[in-house]
Amino acid sequence: MLQRIQTVYLAIVFILVGVLPFVFPLWKLEGGKEFYFMSKMLYQVLFGLSTALTVLSIISFKKRQQQFVFNRLNMILNLILLGLFVYRSLNLSGETPVVSEKGIGMFLPIISIVMLVLANKAIKKDEDLVKSVDRLR
């Protein structure tokens, strides 16, 4: 059923990893030039895989276990993406006269991980409900 709460959480994740990276820059380079995820192939691949896993998870609403696994893989991808962003932000120099700024796009994986955890919690709740009903039969 597409009207479940985990579908809402997964739709939010889809917007976070599929739409908002085109809008918000990851960080600003020296000279004020904005750096979007499309500038580097690795970020394109990771955001693309995360978007694909989110869509697969939304589509597989009848198979809760498979949906749970897709969300776990998506969390791992977002953690890798977050690790790359943290590594990059630590390498951005803040001591030069032209200070590089970190953009709001760097926080998108954090929010998507939180939404994926909430979706997995709702999936687990549904799975427990189905198991309890089967136990009564």
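How many residues, within the range 39-65, are in contact (Cβ under 8 Å) with a residue 12 or more places away in the chain and either assigned to a helix (DSSP H, G or I) or touching a His at 6+ places or on another chain (Cβ under 8 Å) (or both)? Even if it seems obvious, please write down each step before you answer.
Restricting attention to the range 39-65, the residues satisfying the condition of being in contact (Cβ under 8 Å) with a residue 12 or more places away in the chain are 42-43, 46-47, 49-51, 53-58, 61, 64-65.
From what's left, either assigned to a helix (DSSP H, G or I) or touching a His at 6+ places or on another chain (Cβ under 8 Å) (or both): 42-43, 46-47, 49-51, 53-58, 64-65.
So the answer is 15.
Please determine whether any residue of the range 16-31 is in contact (Cβ under 8 Å) with a residue 24 or more places away in the chain and part of a strand (DSSP E or B). Break it down into steps so the answer makes sense when it comes.
We begin by selecting, within the range 16-31, every residue in contact (Cβ under 8 Å) with a residue 24 or more places away in the chain; these are 16-18, 20-21, 24-31.
When the remaining residues are screened for being part of a strand (DSSP E or B), the result is 27-28.
Yes, that holds for at least one residue.
When you go through (1) surrounded by fewer than 15 Cβ atoms within 10 Å (Cβ to Cβ); (2) at pLDDT below 90; (3) part of a helix (DSSP H, G or I) one by one for Glu95, which number turns out not to apply?
Tallying (1) surrounded by fewer than 15 Cβ atoms within 10 Å (Cβ to Cβ); (2) at pLDDT below 90; (3) part of a helix (DSSP H, G or I), Glu95 fails exactly one: (3).
Out of Glu30, Glu34, Glu127, report the one residue that is touching a helix residue (DSSP H, G or I) at 6+ places or on another chain (Cβ under 6 Å) and either more than 18 Å from Val13 (Cα to Cα) or loosely packed, with under 15 Cβ neighbours inside 10 Å (or both). Even if it seems obvious, please write down each step before you answer.
On the way: Glu30 fails: touching a helix residue (DSSP H, G or I) at 6+ places or on another chain (Cβ under 6 Å); Glu34 fails: touching a helix residue (DSSP H, G or I) at 6+ places or on another chain (Cβ under 6 Å).
Step by step, each of Glu30, Glu34, Glu127 is checked, and only Glu127 is touching a helix residue (DSSP H, G or I) at 6+ places or on another chain (Cβ under 6 Å) and either more than 18 Å from Val13 (Cα to Cα) or loosely packed, with under 15 Cβ neighbours inside 10 Å (or both).
The values are calculated or read from the model by the stated rules, or taken from the named source; none is laboratory data. Given the structure is predicted, the values throughout are model-derived calculations rather than measurements. Note: ideal-geometry Cβ built from the backbone for every residue, glycine included; neighbour counts use all protein chains shown.
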